[in-house]
Amino acid sequence: MPDVPFQVRLSLARADFELNVDLALPARGITVLYGPSGSGKTSLLRCVAGLERAVSPAGRAPARVVVGREVWQDEAAGVFLPTHQRPLGYVFQEASLFEHLDVRGNLQYGLKRSWRGAFLAQGQRTLDEAVALLGIDHLLARRVQQLSGGERQRVAIARALATGPRLLLLDEPLAALDAARRQEILPWLERLRDELRLPMLYVTHSADELARLAQHLVVLDRGQVSTAGPVEEVLAALDSAVVVGEDAGALLHGTVVERNASWLLARVTFPGGELWLRDDAVELGHAVRLRVLARDVSLALVEPRQTSIQNLLPAVVDTIAPDAHASQVLVRLRCGDSLLLARVTRRACDSLGLRAGLPVWAQVKSAALVR
């Protein structure tokens, strides 16, 4: 049976904006909700969870939340399931664990509240799978006070998964952690994304988290959806002008195929070419993501020779659009099946005669491995 996308159609009045979304989201994997503070990300999560009830004003389509084939809210039909009847897991910024219980006790408490009678054995299997998936079996006997921030969040996620949810909501789960703890837990979140057949809504302000985790991206601004779609397409779209972190840029999916001990570099292939990057000890054959900023890509009409820029990619100009400053343009390039962005001046654009369909060479000065 094919995966059924889940639907979120909501309107909710706030003091300084109105949340108004109508989304069809993937039935599995991580959908990142991204945008500035006050854009409605957490409000959207709370409505999906049933913690707030969205009521559409006259003239708007009635609110509706459908996960798989389960209707959680249908304003037109008068359906509104309270939170405790919605099979979801919710992970907050702070891991709200019981200090008087050890890790096993915290997980068992969540298990017993969610599974009853003959289903308790099924729930225990679900919990055991969550413990294995998040690598916390060695923590079960520890007191909560003995856990690092990253370990606490892994326990909180395991407790949410132990309920057997149809949907996992994560509201900035790494925001309260320092940089080291964030890097500690990100691989476990990647494992959840890749191994669970479960949709996840993930709120973040972090460009790093977005680049590493997102498969689908929804950008919110003052309660409205600015753009939404597969993350690679959204980040490379010129009309939506999504700037993640420092700059506009493209996201590539690649595979580590070589590690050179003399240069301390790794060669990564992607659909459309290959790039040499700093070796971060990623195993051969490992799938990775690459972030290439538009400011780090320059263009040439002929293949450059005798240059310190070693990553040279044949490409074709796809689209040219105005940049934030009138002196510059953003150029979207097609490298095989992949997309890149380059920022150049209008003067360079005119002198090179850049236009859609023109073959060029992309010179990639830098690229970041985001796993």
statement: The one condition ARG305 fails out of (1) of a type in the set (Lys, Arg); (2) farther than 12 Å from GLN363 by Cα; (3) exposed (fewer than 13 other Cβ atoms within 10 Å of the Cβ) is (2)
- prompt: Pairs under 9 Å by beta carbon, first residue in the same structural domain as ALA141 (by TED's automatic domain parsing) in the range 79-101, partner of a type in the set (Asp, Glu) and in a loop (DSSP other than H, G, I, E, B), six or more apart or different chains?
  reply: PHE92/GLU172; GLN93/GLU172
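Picking from LEU333, LEU275, LEU354, which residue would you name as being at pLDDT 95 or above and farther than 23 Å from ALA214 by Cα? Spell out how you get there, then give the answer.
Values: LEU333 fails: farther than 23 Å from ALA214 by Cα; LEU275 fails: farther than 23 Å from ALA214 by Cα.
After ruling out the rest, the residue left standing is LEU354.
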field: Condition broken by SER11, with the remaining ones in (1) without any contact (Cβ under 8 Å) to a residue 60 or more places away in the chain; (2) surrounded by fewer than 16 Cβ atoms within 10 Å (Cβ to Cβ) satisfied
entry: (2)
statement: Filter the range 30-78 for residues that are touching a Pro at 6+ places or on another chain (Cβ under 8 Å) and either of a type in the set (Lys, Arg) or in contact (Cβ under 8 Å) with a residue 60 or more places away in the chain (or both); the one that is surrounded by the fewest Cβ atoms within 10 Å (Cβ to Cβ) is GLU70
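Counting only residues that are over 21 Å from ALA158 (Cα atoms), give me the strands (runs of 3 or more DSSP E) lying completely in the range 24-140 with at least 3 of them. Write out each step before concluding.
On the way: elements: 29-34, 64-67, 70-74, 88-91.
Of the strands (runs of 3 or more DSSP E) lying wholly inside the range 24-140, those with at least 3 residues that are over 21 Å from ALA158 (Cα atoms) span 64-67, 70-74.
Only one residue in VAL79, VAL71, VAL66 is at pLDDT 90 or above, under 22 Å from LEU217 (Cα atoms) and β-branched (Val, Ile, Thr). Which one?
After applying the criteria, what remains is VAL66.
Is it the case that the range 142-159 has a residue that's under 21 Å from LEU25 (Cβ atoms) and either hydrophobic (A, V, I, L, M, F, W, C) or surrounded by 14 or more Cβ atoms within 10 Å (Cβ to Cβ) (or both)? Even if it seems obvious, please write down each step before you answer.
Initial filter on the range 142-159 (under 21 Å from LEU25 (Cβ atoms)): 157.
If we keep only those that are either hydrophobic (A, V, I, L, M, F, W, C) or surrounded by 14 or more Cβ atoms within 10 Å (Cβ to Cβ) (or both) too, we end up with 157.
Yes, there is a match, as at least one residue in the range 142-159 is under 21 Å from LEU25 (Cβ atoms) and either hydrophobic (A, V, I, L, M, F, W, C) or surrounded by 14 or more Cβ atoms within 10 Å (Cβ to Cβ) (or both).
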- request: Test ASP102 against the stated conditions and say whether it is surrounded by fewer than 15 Cβ atoms within 10 Å (Cβ to Cβ), modelled with pLDDT of 90 or more and of a type in the set (Asp, Glu).
  value: no
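Answer with yes or no whether ARG86 is crowded, with 16+ Cβ neighbours inside 10 Å, farther than 22 Å from GLY229 by Cα and of a type in the set (Lys, Arg). Talk me through it step by step, then tell me what you get.
Details: crowded, with 16+ Cβ neighbours inside 10 Å: yes; farther than 22 Å from GLY229 by Cα: yes; of a type in the set (Lys, Arg): yes.
Yes.
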Number of the condition not met by ALA132 [criteria: (1) at pLDDT below 90; (2) among the small types (Gly, Ala, Ser); (3) surrounded by fewer than 15 Cβ atoms within 10 Å (Cβ to Cβ)]: (1)
message: Which of the numbered conditions does VAL317 fail, given that it passes all the others? Conditions: (1) of a type outside the set (S, T, N, Q); (2) modelled with pLDDT of 95 or more; (3) closer than 23 Å to LEU277 by Cα.
response: (3)
- line: Within the range 330-350, restricting to residues that are touching a strand residue (DSSP E or B) at 6+ places or on another chain (Cβ under 9 Å) and free of Cβ contacts under 8 Å to residues at least 24 places away in the same chain, the one that is farthest from SER308 (Cα to Cα) is ARG346
Enumeration of residues in the range 38-69 that are hydroxyl-bearing (Ser, Thr, Tyr) and under 21 Å from THR227 (Cβ atoms): SER39, THR42, SER43
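The values are calculated or read from the model by the stated rules, or taken from the named source; none is laboratory data. On a predicted model such as this, the values are computed, not experimentally measured, just so you know. For neighbour counting, all protein chains shown are included, and Cβ atoms are generated from backbone atoms with ideal geometry for every residue, glycine included.
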